[in-house]
1. In segment 29-44, is there at least one residue being in a helix (DSSP H, G or I) and at pLDDT 85 or above?
2. Could you count how many residues in segment 3-44 are over 13 Å from Leu65 (Cβ atoms), touching a helix residue (DSSP H, G or I) at 6+ places or on another chain (Cβ under 9 Å) and among the acidic types (Asp, Glu)?
3. Going through segment 50-68 one residue at a time, which ones are assigned to a helix (DSSP H, G or I) and either at pLDDT below 85 or out of contact with any Lys or Arg (no Cβ under 9 Å at 6 or more places or on another chain) (or both)?
4. What do you reckon, is Leu8 part of a helix (DSSP H, G or I), touching an Asp or Glu at 6+ places or on another chain (Cβ under 6 Å), touching a residue at least 12 places away in the same chain (Cβ under 8 Å) and surrounded by 12 or more Cβ atoms within 10 Å (Cβ to Cβ)?
5. Within the set of pairs 6+ apart or on separate chains, which have a first residue in segment 52-71 that is closer than 14 Å to Ala30 by Cα and loosely packed, with under 14 Cβ neighbours inside 10 Å, a second that is hydroxyl-bearing (Ser, Thr, Tyr) and modelled with pLDDT under 90, and C-beta atoms under 6 Å apart?
6. Which members of segment 11-27 meet the condition of being modelled with pLDDT of 85 or more and in a helix (DSSP H, G or I)?
Amino acid sequence: MEKRKTDLKTFLTRVKQLRGFGDMDAYKAAADFKKISENDADESISNIIKDFSDISTYDKGKSALINKIESELKKTKNSI
């Protein structure tokens, strides 16, 4: 459980460091989150990816991904 918490914190830091629209790491981050997320729906991740692909919604997508990671962290803390 501690490893998962550490992995999520590292991942959260990585997402917060995304530079902005056009940063291809944003797409990789969304795909990676899909792999590590325990219960997130594909549609939810697809919406984040869609937001990353438009300059006017990029920040919305980044915020949504950060919120999802923080939610996963809270679940991890609550299950200890």
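1. Step one: of segment 29-44, the residues in a helix (DSSP H, G or I) are 29-36, 42-44.
If we keep only those that are at pLDDT 85 or above too, we end up with 29.
Checked segment 29-44: at least one residue is in a helix (DSSP H, G or I) and at pLDDT 85 or above.
2. 3
3. Within segment 50-68, Lys50, Tyr58, Asp59, Lys60, Ser63, Ala64, Leu65, Asn67, Lys68 qualify.
4. Details: part of a helix (DSSP H, G or I): yes; touching an Asp or Glu at 6+ places or on another chain (Cβ under 6 Å): yes; touching a residue at least 12 places away in the same chain (Cβ under 8 Å): yes; surrounded by 12 or more Cβ atoms within 10 Å (Cβ to Cβ): yes.
Judged against the criteria, Leu8 is a match.
5. The qualifying pairs do not exist here.
6. So the first thing to find is which residues in segment 11-27 are modelled with pLDDT of 85 or more, and the list is 11-17, 26.
Those that are modelled with pLDDT of 85 or more and in a helix (DSSP H, G or I): Phe11, Leu12, Thr13, Arg14, Val15, Lys16, Ala26.
The values are calculated or read from the model by the stated rules, or taken from the named source; none is laboratory data. These numbers were taken from a predicted model, which means no experiment stands behind them. Cβ: placed from backbone, ideal geometry, glycine included. Neighbour counts: every protein chain shown.
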